[in-house]
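What follows is a short report on a single structure.
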């Protein structure tokens, strides 16, 4: 199957700092990438959809100025959590859809802890 | 009514049992149906992917889709302790830039 990677796998940061999370499609070209957030024992919550070369579409209630998404190439999307606060601590997961119909492949997730 | 309903469990079965997991949905436009397995602190792993109605089998796993009833199922035969995880159903209208809609997930424990 198609492979999606994320980096870093976990990060601890101080409140007020910014954190960048990368999502890469390793063996296919991803036209669309999705960013999710997951709190303990809950399902995935869609944050935003990003298409290569265009602005991301954010779900209702997700602050676009706080969660900056860039999808600059067909293999890379980044999520930057700006001025992170403890309530932003969560598990962030990306998934990608490919040109050849690759659908529903997820990265391994990034665990963010804001102190 | 939520778009996708899934019983969160938890579901506990003895090793070797047949496990039946299911989801119902309300949007008749959904065409692509997936089942994911998620271990604690890991990303979801795609188990089964079905387009439209029908059955699909892969090893010990069988996925069924009944679009007329808006009901999908995942069967796990000869369940193993390593199958203990949360199982999420997901679906979408098309294979392009439409995001998946997830169920809440069912926590499964297979007891040795």
- Task: Give the number of residues within segment A:86-98 that are more than 14 Å from the chain's Cα centre (by Cα) and either facing chain B (nearest Cβ under 10 Å) or within 17 Å of residue B:34 (Cβ to Cβ) (or both).
- Result: 1
- For segment A:40-51, the count of residues that are surrounded by fewer than 17 Cβ atoms within 10 Å (Cβ to Cβ) and either facing another protein chain (nearest Cβ under 7 Å) or modelled with pLDDT under 90 (or both) equals 3
- Per the filter on segment A:14-36, residues part of a strand (DSSP E or B), more than 11 Å from the chain's Cα centre (by Cα) and at pLDDT below 95 are A:25, A:30, A:31, A:32
- Can you tell me which residue within segment A:52-85, out of those that are more than 14 Å from chain B (Cβ to nearest Cβ), touching a strand residue (DSSP E or B) at 6+ places or on another chain (Cβ under 8 Å) and part of a loop (DSSP other than H, G, I, E, B), is nearest to residue A:24 (Cα to Cα)? A:75
- Residues of segment A:87-102 being touching a strand residue (DSSP E or B) at 6+ places or on another chain (Cβ under 8 Å), under 16 Å from residue A:75 (Cα atoms) and not in a strand (DSSP E or B), which ones? A:99, A:102
- What are the residues in segment B:49-72 that are surrounded by fewer than 20 Cβ atoms within 10 Å (Cβ to Cβ), touching a residue at least 12 places away in the same chain (Cβ under 8 Å) and under 30 Å from residue A:6 (Cα atoms), if any? B:49, B:50, B:51, B:60, B:61, B:62
- Query: When residue B:84 is evaluated against the numbered criteria (1) touching a strand residue (DSSP E or B) at 6+ places or on another chain (Cβ under 9 Å); (2) more than 14 Å from chain A (Cβ to nearest Cβ); (3) on the phi > 0 side of the Ramachandran plot, which criterion, by number, is the only one it fails?
  - Reply: (3)
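The values are calculated or read from the model by the stated rules, or taken from the named source; none is laboratory data. Everything numeric here is computed off the predicted structure, so don't read it as measured data. So basically every Cβ, Gly included, is an ideal-geometry build from the backbone, and we count neighbours across all protein chains shown.
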